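Q: The structure's right below; bear with me while I get my questions together.
Each reported figure results from applying straightforward, stated rules to the coordinates on display, with no laboratory input. Note that this is a predicted model, so its numbers are computed, not measured. Every residue, glycine as well, gets a Cβ built from its backbone with ideal geometry; the counts of neighbours run over all protein chains shown.
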Amino acid sequence: MKVHHLQHVPFEGLSSIEFFLKEKGHQLSATHLYDNQHFPSVSNIDWLIVMGGPMSINNEDIYPWLREEKIFIKQAIDAGKIVLGICLGAQLIADVLGAKVYKNKHKEIGWFKINRLPEANKTILSMALPEQAEVFHWHGDTFDIPKQATPLVESAACKNQGFILHDRVAAFQFHLETTLESATALINNCRNELDGSLYVQAEKAMLSNIKKFSSINKIMFSVLDALESKHT
């Protein structure tokens with residue numbers, strides 16, 4: 001399969017997702033939006049992955065490429081492609097599907113539990129997402145669930161943590177792809193967001209248990225397996 005990802009900043013790449021895709025022998029390509037690279041033709045890709053970033057989906061005046069990116073994501077969805085969005089990527093998917101994206105009551109950064117919703121049991125991700133898991137977060141915005149989409153998980157800090165549409169368009173606020181290296185890069189580049197509020201952990205707490213990264217990466221691989229198996 002031809003897998004294309006959209007990257008908004010140099011320090012938020014595919015991380016562990018890249019390991020999975022290369023092991024599966026998929027053909028990888030990318031648009032690095034911070035370098036003003038062009039989008040491919042939607043007809044030339046099978047799978048689109050939209051990564052995270054510190055900007056808001058509404059910062060089109062600061063990041064003009066957001067306008068074109070939204071159009072491209074909508075084209076991929078309408079063309080029947082597999083689409084996976086993470087954090088900002090999830091918010092962009094929600095936006096192009098007509099849902100509201102806005103500031104969450106709490107900023108959520110660090111390791112916090114998510115709980116699978118009963119609705120998720122009827123989706124392709126029913127076996128991929130555990131009933132409960134401690135996962136890595138880094139977001140301040142949230143979204144409403146788009147019409148016809150199925151909500152998947154929630155957390156104490158953020159009710160709408162993810163959704164799936166047509167068993168092929170998945171969106172997660174949280175970061176299952178994160179490794180020790182990518183978490184460190186996030187901290188180094190976005191340390192100003194660590195304000196000590198209720199759901200914001202200290203740097204030391206986020207990096208203290210390396211095994212946590214392996215655990216969420218395994219869930220990520222299960223999600224990718226599920227999306228891939230349905231549409232190959």
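Q: Could you work out Rg/(2.2 N^0.38 Å) for the stretch 8-108, with Rg from alpha carbons only?
A: It is 1.08.
Q: Using only Cα atoms, locate the centre of the stretch 96-152 and the centre of the stretch 17-68, then give the distance between them in Å, rounded to an integer.
A: Each part reduced to its Cα centre gives a spacing of 21 Å.
Q: Checking the table Lys22/Lys100; Lys122/Lys159; Lys74/Lys103; Lys74/Lys211 against a 31 Å threshold on Cα-Cα, which pairs fail?
A: The pairs that break the limit, which is 31 Å between Cα atoms, are Lys22/Lys100; Lys74/Lys211.
Q: Compactness ratio of the stretch 2-230: Cα Rg over 2.2 N^0.38 Å, N = residue count? Walk me through the numbers on the way to the answer.
A: Details: Rg = 16.1 Å, N = 229, 2.2 N^0.38 = 17.3 Å.
Normalised Cα radius of gyration, the stretch 2-230: 0.93.
Q: Which trypsin sites (Lys or Arg not before Pro) from the stretch 1-63 combine a DSSP loop assignment with at most 15 other Cβ atoms within 10 Å?
A: When the trypsin sites (Lys or Arg not before Pro) of the stretch 1-63 are filtered for loop state and at most 15 Cβ neighbours within 10 Å, Lys24 remain.
Q: Any idea what the dipole of the chain comes to, in debye rounded to 20, about its Cα centre with Lys/Arg Cβ at +1 and Asp/Glu Cβ at -1?
A: 440
Q: Still on this structure, I have one more. Which residues does the label zone of Asn36 cover in the stretch 68-84, counting backbone N under 15 Å from a point 7 Å along Cα→Cβ?
A: 68
Q: Something else about it: So for His166, His38, fewest C-beta neighbours within 10 Å to most, what's the order?
A: In increasing order of surrounding Cβ atoms, one gets His38, His166.
Q: In the stretch 122-213, which GluC sites (Glu not before Pro) fall in coil by DSSP and have 16 or fewer other Cβ atoms within 10 Å?
A: Working: sites: Glu131, Glu134, Glu154, Glu177, Glu181, Glu193, Glu203; in loops: Glu131, Glu177.
The qualifying sites are Glu131.
Q: Can you show me the helix-derived [θ] at 222 nm for the chain, built from DSSP H runs with n ≥ 4 at -39,500 (n - 2.57) apiece and divided by the number of residues, rounded to the nearest 500.
A: Mean residue ellipticity at 222 nm (helix-derived): -9000 deg cm²/dmol.
Q: Roughly what would the spin-label model give for Ile62 and Lys147, points 7 Å off Cα along C-beta, in nm?
A: 3.2
Q: Turning to a different aspect of this structure: For Lys107, list the aspartates and glutamates whose Cα falls under 20 Å from its own Cα; do not include residues on the same chain fewer than 8 positions away.
A: Glu12, Asp95, Glu134, Asp141, Asp144, Glu154, Glu177, Glu193, Asp195, Glu203
Q: How far, in nm, would the chain grow between Lys211 and Lys113 when pulled straight, counting 0.36 nm per residue and subtracting the alpha carbon separation?
A: Difference between extended and current length: 33.7 nm.
Q: Sticking to Cα atoms, compute the Rg of the stretch 84-198 to one decimal and its Dmax as the biggest Cα-Cα distance, whole number, in Å.
A: That works out to 13.7, 40 Å for Rg and Dmax.
Q: If I take R0 = 41 Å and measure r between the Cβ atoms of Met1 and Glu193 in this structure, what FRET efficiency does the formula 1/(1 + (r/R0)^6) give, to the nearest 0.05? Show your work: numbers first, answer last.
A: Values: r = 35 Å, r/R0 = 0.85.
About 0.75, to the nearest 0.05.
Q: Kirkwood Rh over alpha-carbon pairs of the stretch 98-146, then Stokes-Einstein at 20 °C and 1.002 mPa s: what D in µm² s⁻¹, rounded to an integer?
A: After rounding, the answer is 172 µm²/s.
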